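Comments concern the structure below.
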Amino acid sequence: MSKKNLVLRIAATCALLACAGTAMAQYVWLDERGVKQFSDRPPPASVPDSRILKAPKGVNSAATAASAAAESSASAAAPAASVPNELERKAAARKKEEKAAEEKKKKDTAAANCEIARQNKRTYSSQGVRVAKIGKDGEIGYMDADERAKALEETNKALVGCE
């Protein structure tokens, strides 16, 4: 390969790379329904600048100017105002659902704990039944009357918040 061909190839490659930057220009905007749109072309003139999320650097096209003019008109202002309101409404509904799910989980956990406390109360209150316990050393023993009374008192405290 001659030196001249190498220089021409390098020049052609540089020219292609310089043009590739503009070809990769990307626009991202929200349409009337709040859905993100991706394109290598500018958004329609009806899309206001406030809904254009990304545009190539240094681009000041006629579409951008037209969208600014359309935003100032009353016909374009109504859809622009409704998109953020719709997104805010959906976000608020999602938060409300998450909070309701968390409250339900707490309520279910409390109900399960109350049922365990009721079972313990029945066990500690039963007469003539020995209640086993496991000591710190792993030895199995049985509760005496004082231990059962103390356990029953603690169980009754736990049942105060139960229905």
Output for the stretch 31-51, where each listed residue is open to solvent by less than 30 Å² (accessible area, probe 1.4 Å) and either at pLDDT below 70 or aliphatic (A, V, I, L, M) (or both): V47
Mind listing whichever residues of the stretch 86-100 are over 14 Å from the mean Cα position of the chain (by Cα) and open to solvent by less than 100 Å² (accessible area, probe 1.4 Å)? E86, A100
Give the residues of the stretch 125-163 that are farther than 27 Å from A111 by Cα and in a strand (DSSP E or B), sorted by residue number. I140, G141, Y142
Condition (residue is open to solvent by 90 Å² or more (accessible area, probe 1.4 Å), outside any loop (DSSP other than H, G, I, E, B) and modelled with pLDDT of 85 or more) applied to the stretch 12-27: is it met by at least one residue? no
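The values are calculated or read from the model by the stated rules, or taken from the named source; none is laboratory data. Please read all numbers here as calculations on a predicted model, not as lab measurements. Heavy atoms of the whole protein, side chains included, go into the accessibility calculation; ligands, DNA and RNA do not. Shrake-Rupley method; radii C 1.70, N 1.55, O 1.52, S 1.80 Å.
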